[in-house]
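This report refers to the structure that appears directly beneath it.
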Amino acid sequence: MIRLLWNYNRAWTLLDDEGAIDEVTDAAVEHALAQAKQRPKRRERTVLRTVVRDIAAFQTAAKAETCFVLSTTAPTVRAIAYAVVHTVAGVDRADIFIDDARAPRASGIGDASVGTLDLPLGTATLVEMRERSTGGRGRPVMQVVRAIIPIVDGLNELTVVVSFFVPDENDSALARPMLDELLRDVRVDWA
């Protein structure tokens, strides 16, 4: 069984991929709150729980193998981004994932930008775009980054797709570098 091994810092909360959504939410919120520099207010806890519950439901709906939530620890505790991970055996579909990520979307703003990031596992293709958030006028613009990582190790081949969402692009300056750090620290257990 192939497993991805993540070495992530405490700002990230790994959501459990098994269990009821409320149980997954409670465990994740507890972890995020434990990292706070000061005692969070009741409203912060309530908002955090609502956001994390929505992300946990998305993880289930998207059939993501792994899901992370990125939270701030001071002055307030907020979920500012999340990442969902999918893997596919082989590397022959990597170009299809890249083309799909670059495809225009009805909610998209402008063209997607494409770049690369060198990782210990190989080179990731990063497709970055801005999208309108759902919910009507006055909602913030969301930043979306898809990292497509084809991995070849001898006879073993795997494509990892990490979809990273920053619901309010004003948080991008803080959140975006954390994605690169997360990607640099992933390893594969081919056992």
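For the stretch 94-115, indicate whether the set of residues that are open to solvent by 30 Å² or more (accessible area, probe 1.4 Å), of a type outside the set (Gly, Ala, Ser) and touching a helix residue (DSSP H, G or I) at 6+ places or on another chain (Cβ under 8 Å) is non-empty. For the stretch 94-115, residues open to solvent by 30 Å² or more (accessible area, probe 1.4 Å), of a type outside the set (Gly, Ala, Ser) and touching a helix residue (DSSP H, G or I) at 6+ places or on another chain (Cβ under 8 Å): present. Mind listing just one residue for me: the one in the stretch 25-54 that is part of a loop (DSSP other than H, G, I, E, B) and of a type outside the set (A, V, I, L, M, F, W, C) and, of those, nearest to Asn9 (Cα to Cα)? Out of the qualifying residues, it is Gln35. In summary, Leu4 fulfils each of the numbered conditions (1) in contact (Cβ under 8 Å) with a residue 24 or more places away in the chain; (2) more than 11 Å from Ser71 (Cα to Cα); (3) open to solvent by 40 Å² or more (accessible area, probe 1.4 Å) with the single exception of condition (3).
Exactly one residue out of Val91, Val69, Val127 is in contact with a helix residue (DSSP H, G or I) (Cβ under 6 Å, 6 or more places away or on another chain) and more than 22 Å from Asp17 (Cβ to Cβ): that is Val127.
The values are calculated or read from the model by the stated rules, or taken from the named source; none is laboratory data. From a predicted model like this one, the values you see are computed outputs, not experimental measurements. We place every Cβ from the backbone using ideal geometry, glycine too, and count neighbours over all the protein chains shown. Just so you know, the surface numbers come from the protein's heavy atoms only, side chains and all, with ligands and any DNA or RNA stripped out. Shrake-Rupley method; radii C 1.70, N 1.55, O 1.52, S 1.80 Å.
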